[in-house]
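Structure first, then comments.
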Number of protein chains: 2
Amino acid sequence: MMKLYDAALSGNCHKVRLLLSMLKLEHEVVAMSLPDLDHKTPEHLARNPLGTLPVLEDGDITIYDSQAILVYLARKHGGEDWLPGDAAGQALVQQWLSYAVNEIWNGPALARAFLLFNRDVDLARCQAAGQSALAHLDARLSAHDWLALDRPTIADIACYPYSALAEAGEISLAPYQALNAWFKRIEALPGYVSMPGLGG
Amino acid sequence: MMKLYDAALSGNCHKVRLLLSMLKLEHEVVAMSLPDLDHKTPEHLARNPLGTLPVLEDGDITIYDSQAILVYLARKHGGEDWLPGDAAGQALVQQWLSYAVNEIWNGPALARAFLLFNRDVDLARCQAAGQSALAHLDARLSAHDWLALDRPTIADIACYPYSALAEAGEISLAPYQALNAWFKRIEALPGYVSMPGLGG
């Protein structure tokens with residue numbers, strides 16, 4: 001059975017929890033504690049030299065980036081629904097996977113990590129980057145129901161948790177009407193699961 | 001014909017130049033100047049709301065993240081060579097696309113951007129992150145010829161330019177023997193093209 005190394009408060013882990021639930025995939029959860037630094041033990045560094053969570057093990061395969069795990073699950077179990085196989089579709093999804101890794105991570109996710117986990121970052125810089133990242137999402141979603149295609153894909157899953165958790169980084173979500181409407185669309189998808197700080 | 005909006009000194013653009021050349025794909029280049037802020041004009045923001053380069057136009061499709069453009073070109077023109085279609089292969093490549101966007105961008109790329117383009121970042125922080133990012137690459141490459149699979153893929157293309165340009169951010173490459181050997185392997189690939197600061 002697939003095994004997910006998971007931390008309850010991690011938005012990166014939540015991306016994977018969401019897709020596992022939406023695809024109804026059986027799996028074992030190994031609960032790890034970020035404050036206890038379970039992700040920095042020699043055992044975990046042998047799984048993932050970056051010492052991050054989540055990590056997914058599936059038979060011989062170990063994958064350790066949340067976007068990569070979404071790609072794996074979507075291609076293996078999701079047909080064409082969550083990540084299409086054609087060049088244009090894959091590229092349009094990839095644009096937002098990169099956005100999750102750069103703009104959303106360096107903005108709302110790191111601002112939250114500073115306030116929740118004392119992560120060593122410049123809070124004001126992360127909050128400013130976060131406002132810009134959320135405003136760009138809001139602009140996109142003013143004209144489109146979903147980020148990459150005309151249906152939900154792993155682009156939406158990858159960008160959702162840390163943008164919806166932005167207020168934990170003391171970045172207000174009040175200005176962003178289209179973004180808030182998209183949160184509600186995601187929270188209404190079959191199989192949606194919540195985590196502390198998220199709706200639904 | 002495909003059209004690439006390109007800046008000569010951009011490592012992100014160079015990823016795309018490399019794959020276009022290796023795949024021998026005809027295309028038109030639109031040269032843009034970063035110092036003149038060609039990428040912040042209303043015309044360019046209409047192509048790419050993030051105001052970044054590169055941008056690729058191919059018929060009706062416009063793609064604006066360098067990793068996404070690599071995915072597009074590899075899936076459309078590269079068969080299974082540069083980005084396989086199976087779940088495990090795609091996920092292992094994605095791990096390194098995310099690495100290019102996070103660890104390499106936030107490390108050596110932004111340190112160089114500070115020194116070359118006066119980008120508003122914390123240089124010491126980027127240099128420290130850069131050393132860590134390069135050391136992790138070096139560790140991986142001590143045991144593997146290529147980053148994701150047993151052959152070159154877009155994972156290698158995505159991670160190469162800004163790691164090989166690290167000294168422009170005043171991060172020494174001298175400690176990293178396996179990394180330097182990988183640079184040479186990439187620079188020996190058919191169709192490799194150079195840019196200021198790179199070998200080959």
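Overview of values
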item: Nearest-20 debye value, segment B:87-187 charge dipole, Cβ charges on Lys, Arg, Asp, Glu; result: 80 debye
item: Label distances, nm, A:Ala178 versus same residue in remaining copies, Cβ-directed 7 Å point; result: 4.5
item: Highest-fluctuation residue, B:Leu83, B:Leu134, B:Leu34 considered, GNM on chain B with Cα pairs under 10 Å; result: B:Leu34
item: Residue of A:Pro108, A:Pro152, A:Pro42 that the Gaussian network model of chain A assigns the largest fluctuation, springs spanning Cα pairs under 10 Å; result: A:Pro42
item: Extension gain, B:Asp150 back to B:Glu167 (0.36 nm per residue minus Cα-Cα distance, nm); result: 3.3 nm
item: Alpha-carbon Rg/Rh ratio, for segment A:41-180, with Rh computed the Kirkwood way; result: 1.00
item: Counted charge near B:Leu123, where neighbours are those whose Cβ lies closer than 12 Å (Asp, Glu -1; Lys, Arg +1); result: 0
item: Longest exposed-site-free window of chain A, the sites being GluC sites (Glu not before Pro) in a DSSP loop that have at most 13 other C-beta atoms within 10 Å; result: A:81-200
item: Convex hull per residue volume in Å³, alpha carbons only, for the protein assembly as shown; result: 133 Å³
item: Proximal lysines to B:Lys24, defined as alpha-carbon separation beneath 28 angstrom and excluding residues fewer than eight positions away on the same chain; result: B:Lys3, B:Lys15, B:Lys76, B:Lys184
item: For A:Glu80, inter-copy label distances in nm, listed shortest first [label point 7 Å out on the Cα-Cβ vector]; result: 2.1
item: Fraction of beta bridges assigned by DSSP in segment B:1-99 that are antiparallel (%, nearest 5); result: 55 percent
item: Calculated from backbone phi, Karplus (6.51, -1.76, 1.60) coupling profile of segment A:44-58 in Hz, x at Gly/Pro; result: 6, 5, 5, 6, 8, x, 7, x, 10, 10, x, 10, 10, 10, 9
item: Cα-based convex hull, segment A:2-77, per residue volume (Å³, whole number); result: 80 Å³
item: Local electrostatic count, B:Glu57, Cβ distance below 15 Å [Lys/Arg +1, Asp/Glu -1]; result: -4
item: Averaged over B:83-91, number of beta-carbon atoms from partner chains that fall within 10 Å; result: 6
item: Net charge of neighbours whose Cβ lies under 12 Å from the Cβ of A:Ala158, counting Lys and Arg as +1 and Asp and Glu as -1; result: -2
item: Considering only the protein assembly as shown, percent of DSSP beta bridges that pair antiparallel, nearest 5; result: 55 percent
item: Axis-nearest residue in chain B [Cβ, rotation onto A], distance in whole Å; result: B:Val101, 2
item: For B:70-79, mean number of other protein chain Cβ atoms within 10 Å; result: 4
item: Shielding by other protein chains, B:59-65, mean Cβ within 10 Å; result: 4
item: Ascending list, in nanometres, of distances separating the A:Ala124 label from those of the other copies (7 Å, Cα toward Cβ); result: 1.7
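Read the figures in this text as sums done on the coordinates, not as results from a lab. All of these numbers come straight from a predicted model, not from anything done at the bench. A quick note on method: Cβ atoms are made from the backbone with ideal geometry, for glycine too, and the neighbour counts reach across all protein chains shown.
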